[in-house]
1. Using Cα-Cα distances under 8 Å and only pairs 6 or more residues apart, what relative contact order does the chain have, in percent?
2. Explain nothing, just the number: dipole magnitude of the chain about its Cα centre with +1 on each Lys and Arg Cβ and -1 on each Asp and Glu Cβ, in debye rounded to the nearest 20.
3. Ignoring ligands, DNA and RNA, what percent of the accessible area of the stretch 1-110 is carbon or sulfur (1.4 Å)?
4. Give, to the nearest whole percent, the P(r) tail of the stretch 195-259 beyond 13 angstrom, counting all Cα pairs.
5. Give the Kirkwood hydrodynamic radius (Å, one decimal) of the stretch 265-305, defined as one over the mean of 1/r across all pairs of different Cα atoms.
6. GNM on the chain, C-alpha springs below 10 Å: top fluctuator among A103, A182, A93?
7. Can you give the extra length, in nm with one decimal, that the chain gains between A135 and R192 once fully stretched, where that is 0.36 nm per residue apart less the Cα-Cα distance?
8. Per residue of the chain, what 222 nm ellipticity follows from adding -39500 (n - 2.57) for every DSSP H run with n ≥ 4, rounded to the nearest 500?
Amino acid sequence: MLVLVAPGQGAQTPGFLTPWLDLPGAADRVAAWSDAIGLDLAHFGTQGDADAIRDTAVAQPLLVAAGLLSASALGAVAPGAVAGHSVGEITAAALAGVLDETAALTLVRKRGLAMAEAAAVTRTGMAALLGGDPAVTIPHLEKLGLTPANVNGAGQIVAAGTLEELAALDADKPEGVRRVVALKVAGAFHTRHMAPAVDVLEQAAAEFSPADPTITYVSNKDGRTVATGAEVVARLVGQVANPVRWDLCMETFEELGVTALLEVCPGGTLTGLAKRALPGVRTLALKTPDDLEAARELIAEHASA
């Protein structure tokens with residue numbers, strides 16, 4: 001069984017969209033998406049520097065566009081399941097047929113703008129914890145007023161909160177944690193600080209008529225599969241202010257009998273987690289079009305199986 005996954009914010013790097021725009025029809029599709037959402041995706045994906053594409057309002061639509069573009073370049077593919085990390089859930093929703101591509105880009109554009117605005121209210125941030133036991137780390141974070149915003153599995157947890165709370169964490173690390181590494185993000189995503197963005201997205205989501213997923217959709221809220229389009233969209237809205245439980249998604253992959261994981265562009269983060277948490281599962285990340293041939297071979301093997 002093959003699962004198709006989409007990465008979240010932070011996976012983007014300067015110029016990562018450049019080689020994908022050389023594929024037949026790709027530039028025209030990206031231009032149409034750019035017109036629809038009022039953001040020059042080709043410019044930011046090819047010429048934007050690290051600071052420009054770190055902007056939440058830019059990074060999020062750029063990631064969804066890249067994911068959709070790379071997935072379509074695979075040709076006919078029918079994965080056993082789809083899932084996304086954070087904003088990657090919008091990519092996954094489109095791949096599962098819940099939203100069409102324009103609706104997905106429209107929603108993620110509003111999401112990015114709303115989260116950027118919410119992040120500007122209070123000085124907040126995120127930090128990755130290296131080492132430690134989640135059973136010890138999570139209560140320690142909560143004691144300091146921090147949220148375990150990403151519980152990624154394979155021992156990886158990302159904390160989020162005010163800059164003062166993060167400073168306290170740096171001075172008072174949980175037992176077993178070797179280092180606390182500040183992340184270059186605009187705010188405390190997937191925490192209570194994003195509540196204003198939830199209100200904006202609830203209004204935006206009301207404009208769409210989602211379809212039920214045609215592929216098993218695994219939600220990063222709790223790792224459960226979701227059967228209706230309405231529930232998928234409701235979870236897309238709520239997850240902005242709630243933790244990402246990628247660890248539970250990977251547990252579900254294991255329960256479903258997943259034997260291969262393919263990560264759409266800009267791949268690498270989720271395959272790295274799977275290599276540590278899902279031994280025996282084959283992994284492949286789409287970083288450039290050079291990876292397409294190997295990905296198609298992996299897909300064909302699972303289709304014949």
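1. 24
2. In total the dipole reaches around 480 debye.
3. The nonpolar share, carbon plus sulfur, comes to 53 percent.
4. So the portion of pairs separated by more than 13 Å is 64 percent.
5. When all Cα pairs of the stretch 265-305 are included, the Kirkwood radius is 10.9 Å.
6. Comparing A103, A182, A93 in a Gaussian network model of the chain, the most mobile one is A182.
7. Here the segment from A135 to R192 would lengthen by 18.3 nm.
8. Mean residue ellipticity, 222 nm, calculated: -14000 deg cm²/dmol.
The values are calculated or read from the model by the stated rules, or taken from the named source; none is laboratory data. Quick caveat: nothing in here was measured; it's all calculated off a predicted structure. Every residue, glycine as well, gets a Cβ built from its backbone with ideal geometry; the counts of neighbours run over all protein chains shown. The area values use the complete protein model at the heavy-atom level, side chains included, leaving out ligands, DNA and RNA. Shrake-Rupley method; radii C 1.70, N 1.55, O 1.52, S 1.80 Å.
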